[in-house]
Amino acid sequence: MSQILVTGGTGYIGSHTVVELIKAGYEVVIVDNLSNSKLEVLNRIEAIVGVRPKFYQISVQDKEAMRKVFEENDISCIIHFAGLKSVGESVLYPVKYYSNNLGSSITLLELMDEYHVHNIVFSSSATVYGTPTRMPIVETDPIGNCTSPYGNTKFQIECILMDFAKSHKDANVAILRYFNPIGAHESGTMGEYPTGIPNNLMPYITQVAVGTLECLTVFGGDYPTPDGTCIRDYIHVVDLAIGHVYAVHKLESNPGLVIYNLGTGKGTSVLELVNAFQDANNMKINYRIGDRRPGDVVENYANCDKAYKEMGWKATRTIYDACKDSWNWQKKNPHGYEE
Ligand code: WQD
């Protein structure tokens, strides 16, 4: 049986995707350097699906070590999550982001040539749309005017993949542009726990809820939106993970290059998410309205018709489901995967 190679497979989205791949009958091999995740995640995956995926603790940029992975397995498709992903950190250390994110992607593509692997799914981001020109966003909208080095790495890797697809008649490439992933596995045994103070909204909310953090600051209450706060497309991480299973299946039909938005198609404001979290979990979240965060766009939500039309995929879980699942994870794991 061939295997799906998942780079970054012990990360937040990666681990949820590994669970859904195994549930769908695929055999998975994980490569992760554990720079932003814990080995404990493997135990959680095994507890959920009853299978422990093969694991290699290596950096994707270590070509010699990666050759071992390809020699020891029969890789039919790669899902490439591994990469640095903090918008703020990328502004401070842009070269580290370009080197790591582009370097790891290029190494993978070179190994695909060496080992005749034809299929790759890439973890891209709505951030490639920069400041959107219209709502909801469709895949043919302009990309590239990114607002951070992190966004630029995603955009530039997309360009490399598009050229790779053009120059390889047997290549099948799925570029998946995520909107805002939130939520956790229903078991409450896997979820998001960023290193340090969370940049993203939902982990900040859950850490206030569990008492690790004192008060949520809502970045800006004077935007031109119904309640004055920014609007995003929050997608449940399990829906997002299932979208990757659909993409792997899609590549089996040799489509060449395909690009999909993975979101819900619905915009939700910061205050709407906070209120949904309070209602779903019957609790109060301590928050204050503060200054706008530089670089934030007012609105950002997806048109996901293409993913449904071409893959039959759509998000089915609600904001309420995600708020319940996020809290269920956080209250059972107040310190994330720390022993
Ligand atoms: C969402 C909204 C904030 C924290 C980023 C990346 C994107 C993707 C998802 C990787 C905004 C507000 C947040 C807080 C707040 N990551 N907020 N208080 O910025 O939409 O997207 O994460 O692919 O690439 O850009 O997500 O969760 O940081 O912010 O008010 O403490 O919540 O201002 O309006 P964002 P976010």
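Below is a table of values for the structure above.
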read-out	value
Whole-angstrom gap from the range 53-84 to the range 128-177, using each part's C-alpha centre	23 Å
Length released on extending from Lys63 to Val95, taking residue separation times 0.36 nm less the Cα-Cα span	9.5 nm
Glu158, Glu71, Glu89, Glu338, reordered so the largest accessible area comes first (probe 1.4 Å)	Glu71, Glu338, Glu89, Glu158
Label-zone membership for the range 20-43, site Glu186, 7 angstrom Cα→C-beta point, backbone N under 15 Å	20, 23-24
Between helix 149-167 and the chain: long-axis angle, C-alpha atoms, 0 to 90°, nearest 10	30 degrees
Degrees separating the helix 237-251 axis from the principal Cα axis of the chain, which is the longest one	30 degrees
Proximal charge balance of Val138 [Cβ under 14 Å; K/R count +1, D/E count -1]	-1
Candidates Ala82, Ala24, Ala276, ranked by Gaussian network fluctuation over the chain, Cα under 10 Å, top entry	Ala24
Length-normalised contact order of the chain in % [C-alpha pairs under 8 Å, at least 6 apart]	19 percent
P(r) weight above 35 Å for the chain, C-alpha pairs, percent	17 percent
Protection proxy ranking, peptides 122-133, 234-245, average beta carbon neighbours within 10 Å, highest first	234-245, 122-133
Ser37 accessible area, assembled protein chains, probe 1.4 Å, Å²	20 Å²
Within a Gaussian network of the chain (alpha carbon springs, distance under 10 Å), most fluctuating of Tyr301, Tyr93, Tyr26	Tyr93
Backbone N within the range 203-237 under 15 Å of label point (7 Å from Met283 Cα along the Cβ vector)	203-216
Residue-level accessible surface for Arg67, protein heavy atoms, 1.4 Å, Å²	60 Å²
Listed residues Asp170, Asp305, Asp325, most fluctuating in the chain (Gaussian network, C-alpha, under 10 Å)	Asp170
Net charge over other residues, Cβ less than 13 angstrom from the Cβ of Lys63 (K, R count +1; D, E count -1)	-4
Theoretical gain in end-to-end length, Asp291 to His116 [0.36 nm per residue, Cα-Cα removed]	57.9 nm
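The values are calculated or read from the model by the stated rules, or taken from the named source; none is laboratory data. For clarity, every value in this text was computed on a predicted model and none was experimentally measured. Virtual Cβ from ideal backbone geometry, glycine too; neighbours counted across all protein chains shown. Note: accessible area is taken over every heavy atom of the protein model, side chains too, but ligands, DNA and RNA are not part of it. Shrake-Rupley method; radii C 1.70, N 1.55, O 1.52, S 1.80 Å.
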